[in-house]
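In what follows, a single structure is set out as structure tokens and then discussed.
Only the coordinates and a few stated rules stand behind these numbers; no lab work does. Treat the numbers as computed from the prediction; the structure is a model and nothing was measured. Cβ atoms come from the backbone with ideal geometry, glycine included; neighbour counts cover every protein chain shown.
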Amino acid sequence: KVLNDTFERGGSVIIPSFAFGRTQELIYILHELYDKKEVPRHPIYVDSPLASNLTKVFGEHPETYDKETHQTFLEKGKNPFQFDKIKFVQTVEESMRLTQDSSSSHVVISASGMCEAGRILHHLRYRVHDSKNTILLVGYMAENTLGRRIQDLGAQSLDSGENGEVPEIKILGKTYPLHAKVEKIGGFSAHADKHELEKIISKSNLRIKKIGIVHGEESQSAAFAKHLKQKGYETIIPKPGDKISL
């Protein structure tokens with residue numbers, strides 16, 4: 001729906017993505033959508049040298065693919081990560097030309113995933129001002145990142161409606177009006193959720209004495225710690241520099 005709506009407006013879809021794993025997952029899904037003719041077959045550009053190199057490695061190891069990938073692509077003689085509408089951008093010159101190409105609709109997948117560095121910054125600064133375009137967020141955006149600010153401002157813009165004040169976003173030291181539509185699709189996270197983590201703990205054959213909760217936002221970590229305490233586990237949320245005796 002996001003692709004169809006954006007293409008109908010004559011815009012492009014800009015997707016910040018992690019180079020490893022997430023980009024390849026997106027290529028796989030887009031390949032499938034294009035094959036099924038569920039979206040117009042506009043060009044897809046992967047603008048990240050690291051992501052491009054990693055995708056090549058993924059394509060060279062079909063022995064690791066699951067049954068679904070074999071049925072969907074390999075049995076039809078296709079590489080899930082290569083098809084006629086995808087182009088891997090390598091040089092800086094190619095990338096800069098692409099950032100300024102508003103002549104036709106396309107999809108850009110570029111790193112970094114949280115918009116803190118990399119070529120995605122240039123795509124954003126050239127595209128956020130145009131309401132035809134869509135910034136599609138496909139992963140978790142940590143606090144105090146540009147990706148989170150775009151996510152929050154997009155939600156704010158949606159809440160205020162068409163007559164609301166246009167939010168502004170600072171990219172590479174300059175401020176731009178955020179006219180582009182901001183969409184978020186969940187389900188791509190590579191991290192286990194609360195229920196999955198609890199399942200791992202409950203099925204463990206270890207005598208768990210203490211659980212340290214890390215790699216999460218403060219409020220979510222506190223809520224999970226409280227939940228585990230109710231289950232009878234001793235929990236701690238270590239701060240940077242804390243030492244834990246094992």
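Structure above, values below:
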{"read-out": "Cα gyration tensor shape for the range 70-214, rounded if a/c is under 1.5, else prolate or oblate", "value": "oblate"}
{"read-out": "Furthest towards positive pole of dipole, Ser221, Ile236, Ile200, structure part the range 194-236, Cβ charges", "value": "Ile200"}
{"read-out": "Assigned charges on the beta-carbon of Lys, Arg, Asp, Glu; the range 1-144 dipole about Cα centre (debye)", "value": "340 debye"}
{"read-out": "Cα gyration tensor category, rounded, prolate or oblate, for the range 119-170 with a/c compared to 1.5", "value": "oblate"}
{"read-out": "Highest to lowest packing among 85-96, 118-129, scored as the average C-beta count within 10 Å", "value": "118-129, 85-96"}
{"read-out": "Distance from the range 82-149 to the range 174-246 (C-alpha centre basis), Å", "value": "29 Å"}
{"read-out": "Estimated distance in nm for a label pair at Val92 and Lys67, the labels positioned 7 Å out from Cα along Cα-to-Cβ", "value": "4.9 nm"}
{"read-out": "Three-way shape call for the chain based on the alpha-carbon gyration tensor, with the a/c threshold at 1.5", "value": "oblate"}
{"read-out": "Length gained when the stretch Ser104-Lys243 is fully extended (0.36 nm per residue, less Cα-Cα span)", "value": "44.5 nm"}
{"read-out": "Length-normalised contact order for the range 194-236 - Cα pairs under 8 Å, 6+ apart - percent", "value": "44 percent"}
{"read-out": "Pairs of lysine residues in the range 2-184 - Cα separation under 15 Å, sequence separation of 8 or more or cross-chain", "value": "9"}
{"read-out": "Of all DSSP beta bridges in the chain, antiparallel share, percent nearest 5", "value": "15 percent"}
